[in-house]
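Values quoted throughout were computed directly from the atomic coordinates according to the rules given, and no laboratory measurement underlies them. The model shown is predicted, which means the values in this text are computed figures rather than measured ones. Counting neighbours? That spans all protein chains shown, and the Cβs are built from the backbone with ideal geometry, glycine included.
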Ligand code: NDP
């Protein structure tokens, strides 16, 4: 039976360190680290994510500035708010919760956030930095995935990591981070022919697809580390992209859903914000 990688526990322990760092910042500079969280409209899942992020800020002593904008907010006004937050000296990180309503251009809005304040690590400058191996803010979910894998004590270098999914916010950056840890990386996606033939080769398998229980037990290499990013709601219940019941019989380590990747995503957001705050002071 696989050992469970407890994302909640790991997240709680990292948050203790982050609280100490946030306190050190406040003592050094006379104000709290600040994170602005901008939500547009009433997407159900987004409401929960934003609430969790604000609660997490409070836990570690980061000040949150919450902006809840109406569904019909104009792009001009949203960009003006981003400009204001870019110039606000009390704000160290800015997060615009995705998805935005269809009339708003997500790319344009994300590009407007100053890269130094891009708490999510989605700005093109940070994405480019990740690609080139330059210092940058890393996207939260992939950064959390690396921490979860490392928490098992297993070495990443030399392992074959298979990432299923190639989105800009999870799959692609996760593959880049695994590569920078010297894994040999395969990326699979919706056009991959015979997915199982790849996943069966994975020492480390990351599933970031968005299809309930797509990855079955017979698609997993015995002893693999399995990271399930998926969050698929069905009849009020949350399911991962991995069939947990089957996978735990084959894998060596596995993240549960919920309680695996999710809590780490929020924790990495706080880490990014606190690091940004210190970096700005250093100039
Ligand atoms: P996207 O929908 O943006 O990307 C999904 C990816 O999966 C695409 O690259 C797509 O391929 C690929 N894909 C779709 N169908 C298949 C298939 N049958 N076989 C192989 N690959 C397939 O999703 P996200 O990356 O944003 O999110 C993925 C999942 O992770 C979702 O369930 C989401 O809710 C969850 N999530 C969880 C987070 C957390 O904190 N726990 C954070 C972010 C996301 P193609 O590119 O060809 O279309």
### Query
Using alpha-carbon pairs under 8 Å, 6+ residues apart, how would you state the relative contact order of the chain in percent?
22
### Message
Pick from 273, 141, 184 the residue whose mean-square fluctuation is largest in a GNM of the chain, springs joining Cα atoms under 10 Å.
### Response
184
### 14 Å reach of a label modelled at residue 51, 7 Å along Cα-to-Cβ, counting backbone N of the stretch 91-105
none
#### Entry: Percentage, to the nearest whole number, of Cα pairs in the stretch 240-283 over 15 Å apart
59
### Task
Take the alpha carbon atoms of the stretch 60-127, find their center, do the same for the stretch 1-37, and report the distance between the two centers in whole angstrom.
22
### Message
From the gyration tensor of the Cα coordinates in the stretch 23-80, what semi-axes in whole Å does the equivalent ellipsoid have, largest first, with each one equal to sqrt(5λ)?
### Response
27, 15, 5
### Message
Taking 0.36 nm per residue of sequence separation and subtracting the Cα-Cα distance, how much length would be gained by fully extending the chain between residue 103 and residue 182, in nm to one decimal?
### Response
24.4 nm
### Computed FRET value (nearest 0.05) for residue 9 with residue 66, which takes r as the C-beta separation and R₀ as 25 Å
0.35
### Summary
Out of 172, 271, 107, a Gaussian network model of the chain with alpha-carbon springs under 10 Å gives the largest mean-square fluctuation to 107
### Task
Let me see the pair-distance distribution of the stretch 39-109: every alpha carbon pair, 10 Å bin width, integer percents in order.
18, 50, 30, 2
### Query
For the stretch 17-56, taking Cα atoms only, what is the radius of gyration to one decimal and the Dmax to the nearest whole Å?
13.6, 39
#### Entry: Inter-site label distance for residue 197 and residue 28 at 7 Å from Cα along Cβ, in nm
5.3
### Spacing of the two label points (7 Å from each Cα toward its C-beta) at residue 20 and residue 58, in nm
2.5
### Spread of Cα-to-Cα distances over 10 Å intervals beginning at zero, given as percent, for the stretch 81-163
16, 38, 30, 13, 3
### Task
Note down the nm distance, to one decimal, between modelled labels 7 Å out along Cα→Cβ at residue 189 and at residue 218.
2.9
### Summary
Quick note, the stretch 159-228: a/c under 1.5 would make it rounded; otherwise a/b > b/c is prolate and the rest oblate (a ≥ b ≥ c, C-alpha gyration tensor); here it is oblate
### Message
Taking 8 Å as the Cα distance limit and 6 or more residues as the minimum spacing, I'd like the relative contact order of the stretch 4-124 as a percentage.
### Response
27
### Task
Enter the mean projected area of the convex hull around the alpha-carbon atoms of the chain, in nm², rounded to one decimal.
14.6
### Query
Going by the alpha-carbon gyration tensor, a ≥ b ≥ c the square roots of its eigenvalues, is the stretch 175-283 rounded (a/c under 1.5) or, if a/c is not under 1.5, prolate (a/b greater than b/c) versus oblate?
prolate
## Note on the structure
With T = 10 °C, eta = 1.306 mPa s and Kirkwood Rh from C-alpha pairs, the Stokes-Einstein D of the stretch 119-239 in µm²/s is about 108
#### Entry: Theoretical FRET efficiency, 1/(1+(r/R0)^6), r = Cβ-Cβ of residue 89 and residue 235, R0 51 Å, to 0.05
0.60
### Task
Please work out the Cα center distance from the stretch 157-195 to the stretch 225-278, rounded to the nearest Å.
16
### Query
GNM on the chain, C-alpha springs below 10 Å: top fluctuator among 75, 248, 116?
75
### Using distinct alpha-carbon pairs, which all enter the 1/r mean, Kirkwood radius of the stretch 206-258 in Å
10.7
### Query
Per-residue ellipticity at 222 nm for the chain, helices alone: DSSP H runs ≥ 4 residues times -39500 (n - 2.57), over residue total, nearest 500 deg cm²/dmol?
-13500 deg cm²/dmol
### Span per principal axis, largest first, for the Cα atoms of the stretch 1-126 (Å)
46, 45, 26
